[in-house]
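Have a look at the structure below before the remarks.
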Amino acid sequence: MVNAQTGISNHIGLEIKEGYLAYFLRVNREGGIFGRQIRSVDFDDHFEPLETIFYTERLINTNRVFALVGYVGTANSITALSMINEARLIFLGPMTGAESLRHPVLPLVFNVRASYAEEIESLLGYLVNDLGIKKIAVVRQNDSFGDDGFKSLTRSLQSRHLEPVTDCKFVRNSVDMQPALDQIVSTRPDAVIILGTLRPIVSLLERAKSTDLRHTRFCTLSTISAHMLIKAAGPTCEGMILSQIVPSPEDTSIPLVRSFQADMRASGTNNFSRVSLEGYVGAVLLVDGIRRAGPDLTEQRCIDSLNHTDLDLQPLRIVWNNSDHSGDHAVFLTQIKNGKLESLQSPRHTTDHY
């Protein structure tokens, strides 16, 4: 695993790591997989793609790992692809919804989460159809993540005969959001969709509170940890709408969540976040694939096994085959209300995949 564990996006890397480790530790306690223990090796890339390359090379050539999991970020994941393809290694559960990792299908990349296009379509469906909002602005990170999200957003708006009232870019890893805010204020949108990481979003919300945007709906994707947003932004994030790709990690009516909480506690943490739940689901899928590959394990046998995955983790269902590695398609819309994250509606499935 290579992801951000310090720096501007450290909470994401740490939480996704906690989720993977919680399930791996359970498997090891129960005797491993055909008697083999899972050993996790991880490095911190500070959310910088050049460091992702450095540490991925180290995992492949020095640590000689069996699979790569839990990478965070579109640019970070894409930079590792050439090495992954050359080494013929499984690349499972990257925390990115980029279309470039889904279409056309990449034989070694097994996506778990819904795509950014699906998250954006659900958000726009709610804003336009349910709330009647038409004036929508975009604030996006100036990199492959922002570009990918903007293309999906533009397509979804065009299907509704709309277009963004403004498109504001900001420098990756920067928290200087004043230029973007000035651009937003001048167009007075009804909603702003932010494609970015935690600290730029917090900076934008803090600056926006002193402007005449009190009735503007701020929205973002599942690329940030909601509970960290609430902790960092406080009252300034009240009313914000966030799309999610896993159910509430507090909803113990769901068997998946009950197992997740029990395994997290057994690993020594009560940090029940959607990010750690996403990591937990990734670990479940990898272990399932290894088990079905049988005791005489090889990389190719595991790839073949993963290509015959149909795992029902209600309300999630992950299906992989040779022609589709896109994973789950459910999107859960939530809103911050009185300092807590509340569900807006039942999950929206934006494709007819199942």
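Here, each number is a calculation from the coordinates, and none is a lab measurement. Just so we're clear, the structure is a prediction, and the values are computed from it rather than from any experiment. All Cβ positions, even for glycine, are placed from backbone atoms using ideal geometry, and neighbour counts span all protein chains on display.
Round to the nearest 0.05 the FRET efficiency obtained for ARG58 and ARG188 when R0 = 45 Å and r is the Cβ-Cβ distance. Walk me through the numbers on the way to the answer.
On the way: r = 50 Å, r/R0 = 1.10.
With a Förster radius of 45 Å, E is 0.35.
I need the peptides 317-323, 193-199, 158-164 ranked by packing, meaning the mean over residues of other C-beta atoms within 10 angstrom, with the highest value on top.
Highest mean packing first, the order is 193-199, 317-323, 158-164.
Treating the Cα atoms of region 9-71 as identical point scatterers in vacuum, please give the log10 of the normalised Debye intensity I(q)/I(0) at q = 0.18, 0.27 Å⁻¹, two decimals.
Cα-only, vacuum Debye calculation for region 9-71: -0.73, -1.19.
Mind checking which lysines have their Cα closer than 23 Å to the Cα of LYS340? Skip sequence neighbours fewer than 8 apart in that chain.
LYS340 reaches LYS209, LYS231.
Working from the pairwise distances between different alpha carbons, so that the mean of 1/r is found and then inverted, what is region 206-283's Kirkwood radius in Å?
On the way: mean 1/r = 0.0706 Å⁻¹.
It is 14.2 Å.
Would you mind computing, in nm to one decimal, how far apart the modelled labels at ARG258 and GLU30 are, each placed 7 Å from Cα along Cα→Cβ?
1.5 nm
Rounded if a/c is under 1.5, else prolate if a/b beats b/c, else oblate: with a ≥ b ≥ c from the C-alpha gyration tensor eigenvalues square-rooted, which is region 137-222? Please report the intermediate quantities before stating the final value.
Details: a/c = 1.88, a/b = 1.16, b/c = 1.62.
Taking the square roots of the gyration eigenvalues as a ≥ b ≥ c, region 137-222 is oblate.
For GLY70, what residues show an amide H to amide H distance below 5 Å, using hydrogens built from the backbone and excluding near sequence neighbours?
HN-HN under 5 Å from GLY70: LEU92.
Only residues of region 179-219 count here: report those whose backbone N is under 12 Å from the spot 7 Å along Cα→Cβ of ASN338, or say none.
none
At a Förster radius of 25 Å, what calculated FRET efficiency corresponds to the Cβ-Cβ distance of ASP167 and HIS215, to the nearest 0.05? Before the final figure, lay out each step's value.
Details: r = 21 Å, r/R0 = 0.85.
After rounding to 0.05, the efficiency reads 0.70.
From the phi angles alone, apply the Karplus equation (6.51, -1.76, 1.60; θ = phi - 60°) to region 325-333 and give each ³J(HN,Hα) in whole Hz, x where the residue is Gly or Pro.
For region 325-333, the Karplus-derived couplings read 10, 7, x, 7, 10, 6, 10, 10, 8 Hz, x marking Gly and Pro.
Determine ³J(HN,Hα), in whole Hz, for all residues of region 309-319 in sequence, where each value follows from phi through the Karplus function 6.51 cos²θ - 1.76 cosθ + 1.60 and θ = phi - 60°; x replaces Gly and Pro.
In residue order, the calculated couplings are 9, 8, 10, 9, 10, 2, x, 9, 9, 10, 10 Hz.
By the gyration tensor of its Cα atoms, with a ≥ b ≥ c the square roots of the eigenvalues, what is the shape of region 261-335: rounded for a/c under 1.5, prolate for a/b over b/c, or oblate?
oblate
So if I take the alpha carbon set of region 31-117, get Rg, then get Rh from the Kirkwood formula, what is the Rg over Rh ratio? Could the numbers behind the result be given before it?
Numbers: Rg = 13.2 Å, Rh = 13.6 Å.
Ratio of gyration radius to Kirkwood radius for region 31-117: 0.98.
Using only the alpha carbons, work out the radius of gyration and Dmax of region 1-159 in angstrom.
Every Cα atom of region 1-159 included, Rg and Dmax give 17.8, 58 Å.
Determine the relative contact order of the chain: mean sequence separation of Cα pairs under 8 Å and six or more apart, normalised by residue count, in whole percent. Walk me through the intermediate numbers first.
Details: 675 pairs, mean separation 70.9, N = 354.
It comes to 20 percent, rounded to a whole number.
Gap in Å between the Cα centre of region 1-31 and the Cα centre of region 268-299?
11 Å
Could you check how many percent of all C-alpha pairs in the chain are farther apart than 36 Å?
On the way: 10849 of 62481 pairs.
The proportion of pairs with Cα distances above 36 Å equals 17 percent.
How large is the translational diffusion coefficient of region 178-227 in µm² per second when you combine the Kirkwood radius over alpha carbon pairs with Stokes-Einstein at 25 °C and 0.890 mPa s?
Numbers: Rh = 11.3 Å.
Stokes-Einstein gives a translational diffusion coefficient of 217 µm²/s.
Helix by helix, which DSSP H runs in the chain go 24 Å or more along their axis at the Cα atoms and have an average Kyte-Doolittle hydropathy of 0.0 or more?
Numbers: long enough: 10-29 (28 Å, -0.22); 274-293 (29 Å, 0.62).
Qualifying helices, which must be both long enough and hydrophobic enough, are 274-293.
Find the Rg to Rh ratio for region 216-354, where Rh is the Kirkwood radius over alpha-carbon pairs and Rg uses the same atoms.
On the way: Rg = 17.0 Å, Rh = 16.6 Å.
When Rh is taken as the Kirkwood radius, the ratio is 1.02.
Rounded to whole Å, give me the distance from the Cα center of region 39-63 to that of region 199-230.
Answer, in whole Å: 31.
Can you run phi through the Karplus equation (6.51, -1.76, 1.60; θ = phi - 60°) for region 94-101 and list ³J(HN,Hα) in whole Hz, with x for Gly and Pro?
x, 7, 7, x, 5, 5, 5, 9
Normalised by the residues of region 201-354, what does the relative contact order come to in percent, with Cα pairs under 8 Å and at least six apart?
Numbers: 193 pairs, mean separation 34.6, N = 154.
For region 201-354, the relative contact order is 22 percent.
How would you classify region 67-120 from its alpha-carbon gyration tensor, with a ≥ b ≥ c the square roots of the eigenvalues: rounded for a/c under 1.5, else prolate if a/b is greater than b/c, otherwise oblate? Working shown, then result.
Details: a/c = 1.86, a/b = 1.69, b/c = 1.10.
Prolate shape, in that a/c is at least 1.5 and a/b is the bigger ratio.
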